[in-house]
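Structure first, commentary second.
The values are calculated or read from the model by the stated rules, or taken from the named source; none is laboratory data. All of these numbers come straight from a predicted model, not from anything done at the bench. These area figures cover heavy atoms from the full protein model, side chains too; ligands, DNA and RNA do not enter into them. Shrake-Rupley method; radii C 1.70, N 1.55, O 1.52, S 1.80 Å.
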Amino acid sequence: MESIFRNKFWRILLVIFAFLGVALLVFTLVKWPADKARARELEQTKQRCAALDCRADSLMAEVEQRDSLYCLLMDSLSRNNDMLDHIPSALPLKISDLNYVASLFGYRIDPIYKVDKFHSGIDFTSTLNAEALATGDGVVEDLKSDEWGYGNMVVIDHGYGFKSRYAHLNKFAVEKGQEVKRGEVVGYIGCTGKATGVHLHYEVMKDDQLIDPADYLGPTLREDDQSVGESEEPQGNQEKE
């Protein structure tokens, strides 16, 4: 009896284990594709994350590069603005104080020697003690006073290779070594030195070479421009150095 019971018990136990084995196999067969899909999805997610990380690194590098270029551009603009402020490119006197342009840059008949001579600047006729203005930012390099030649003269070093001269002044308004801004008064127009009338003789130099100031003052002061206005020149002894 006991033997029969034992045999029956083991058979039931085997049936249970067999059932569990079949259930586990079915569960595995059902679950395995889903696990495989999740594993594949997980791998794809990892790949996308890696791609996003690479893209983020690329964007950060691009941002840093553009930031560097922006800094270089701003620095360049700052230098350019500073250079533009220093280049002598304004009239050396108020337009309301200008009577007319007596002589331009280049060869002309000298008003004293009556021969063809090179004129190194532009002569602006004006009234006595009208303000002579700095044509760009810079530093007063020198003040000179001669009984002949330029008379009382201010020399401004604008940097970037540019210098400007203001000659035949009646008196000075600046000191040597003084920093000046464009439009600041540097002296008062007179008739000192080799001059036959009240005017401002204005010169510009680049790298110590005289250049035509009209290159920086605009086309109305060029020799080939007919608007200089010879008809406006007053009669009499008004020739300029």
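Couple of notes before you dig in:
- Under the Karplus curve 6.51 cos²θ - 1.76 cosθ + 1.60, θ = phi - 60°, whole-Hz ³J(HN,Hα) for region 99-107, x wherever Gly or Pro sits: 7, 6, 8, 7, 9, 9, 6, x, 7
- log₁₀ of I(q)/I(0) at q = 0.26 Å⁻¹ - region 43-102, Debye sum with one point per alpha carbon: -0.99
- Whole-percent carbon and sulfur share, accessible surface of region 56-164, 1.4 Å: 57 percent
- Per residue solvent-accessible surface (Å²) - region 141-224, probe of 1.4 Å: 47 Å²
- Applying 0.36 nm per residue to the separation of residue 117 and residue 43 and subtracting their alpha-carbon distance, the gain on full extension is 17.7 nm.
- Span per principal axis, largest first, for the Cα atoms of region 65-146 (Å): 65, 29, 25
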